[in-house]
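One structure is given below, encoded as structure tokens.
The values are calculated or read from the model by the stated rules, or taken from the named source; none is laboratory data. Treat the numbers as computed from the prediction; the structure is a model and nothing was measured. Here the Cβ positions follow ideal geometry from the backbone for every residue, glycine too, while neighbour counts run over all protein chains shown.
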Amino acid sequence: MPQESSQHPLHRVVVVVDENSNPFELSCAIEVFGLRRPELGRELYDFTLCSPEPRTLMRDGFFALSEVPGLEAAESADTLIVPNRPDTDVPRRPAVLDAVRRAHARGARLVGFCSGAFTLAEAGVLDGRRATAHWQWADAFRARFLLVRLEPDVLFVDDGDILTAAGSAAALDLGLHVVRRDHGAEAANSVSRRLVFAAHRDGGQRQFVERPMPDLPDESLAPVLAWAEQRLETPLTVSALAERARVSPATLHRRFRAQLGTTPLAWLNGQRLALACRLIERGESRLAVVARQSGLGTAANLRAVMRRGTGLSPLDYRRRFGPAA
């Protein structure tokens, strides 16, 4: 686990593990935030676990964790990932909820994976806020937490200092989103390559798709996606994608919805934004060049898309993630 430098302290990520916690989401947090990154030449986070008990049984007693730091480790967290578990109707420990409230009060970022949204809601920090949870528990969540603005059909929700992911795989999507927000697209892409996982799925995509595997091989979107990714700088349109796939635009739209849970235009814009971010991180300072090479057209459109997608202007993005940073 990386140690903090006195000159440049690493962002400290702490995961709370409680009785019956799900091991998969814990592993997602470790993979994204806890591993050393020699391929980047720098470490991204200082990472540790904590637990209210010296020995913690994981889900269904599969195994136990011991010698984990106590909840006092949560007091120094810059990002606190709260525990999630399948027994959503069982109240969380008061000590865990108190740790979540204290972290929120001092400005730490809070993250809930899957049923971790229940922990955040029980602590009262989600009242009036946007959040998501696994579709399986959406009705139960709404019934218990009337003040939370639940968005049940998305992968994850970024509500600023509180972020929630819908399910197991979406924990990786949200984790990579956090890395992208903290360290830029290049770092997130590096982490995703090491995970052998999709570099970017927008949080607004649906939690599940109607047909995870196409019935016929020739209905796969993979060929047209690969073709488009090599031509982002050209004036690609949905009609051009449909023509390449040899289907009508309406059929292409249905296939995107069924296989990716998004629309062709939203996918295309997301890819272009990611390319623009990478170009800026690699040192391209001319906005007109970034806009042209990413297919976003004009510097004005680049500014609008980047603000909408990252919350930063191109200049601010360069200051935060460019080579000089």
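The figures follow:
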item	result
Whichever residue in region 306-322 is among the hydroxyl-bearing types (Ser, Thr, Tyr) and more than 13 Å from Leu279 (Cα to Cα) and, among such residues, is modelled with the lowest pLDDT	Thr310
Of the criteria (1) surrounded by fewer than 18 Cβ atoms within 10 Å (Cβ to Cβ); (2) at pLDDT below 95; (3) part of a loop (DSSP other than H, G, I, E, B), which one Arg142 fails	(3)
Search result, residues across region 253-302 that are charged (D, E, K, R) and within 19 Å of Ala324 (Cα to Cα)	Arg278, Glu281, Arg282, Glu284, Arg286
Residue tally, condition in a loop (DSSP other than H, G, I, E, B) and surrounded by fewer than 18 Cβ atoms within 10 Å (Cβ to Cβ), over region 94-128	5
From the options Arg318, Arg231, residue that is out of contact with any strand residue (DSSP E or B) (no Cβ under 7 Å at 6 or more places or on another chain), on the phi < 0 side of the Ramachandran plot, buried (at least 18 other Cβ atoms within 10 Å of the Cβ) and not aromatic (Phe, Trp, Tyr)	Arg318
Strands (runs of 3 or more DSSP E) lying entirely in region 1-86 (those with 3 or more residues that are free of Cβ contacts under 8 Å to residues at least 60 places away in the same chain and crowded, with 20+ Cβ neighbours inside 10 Å)	45-50
Filter result for the condition that a residue is closer than 20 Å to Val32 by Cα and out of contact with any Cys (no Cβ under 8 Å at 6 or more places or on another chain), over Arg101, Arg85	Arg85
Filter result (over 28 Å from Leu260 (Cβ atoms), of a type in the set (Val, Ile, Thr) and touching a helix residue (DSSP H, G or I) at 6+ places or on another chain (Cβ under 6 Å)) within region 107-165	Val125
Which listed residue, of Gly184, Gly175, Gly203, is surrounded by 15 or more Cβ atoms within 10 Å (Cβ to Cβ), on the phi > 0 side of the Ramachandran plot and either at pLDDT 90 or above or not assigned by TED's automatic domain parsing to the domain that holds Arg318 (or both)	Gly184
Qualifying residue in region 258-281 (condition: surrounded by fewer than 19 Cβ atoms within 10 Å (Cβ to Cβ), touching a Pro at 6+ places or on another chain (Cβ under 7 Å) and closer than 17 Å to Asp316 by Cβ)	no
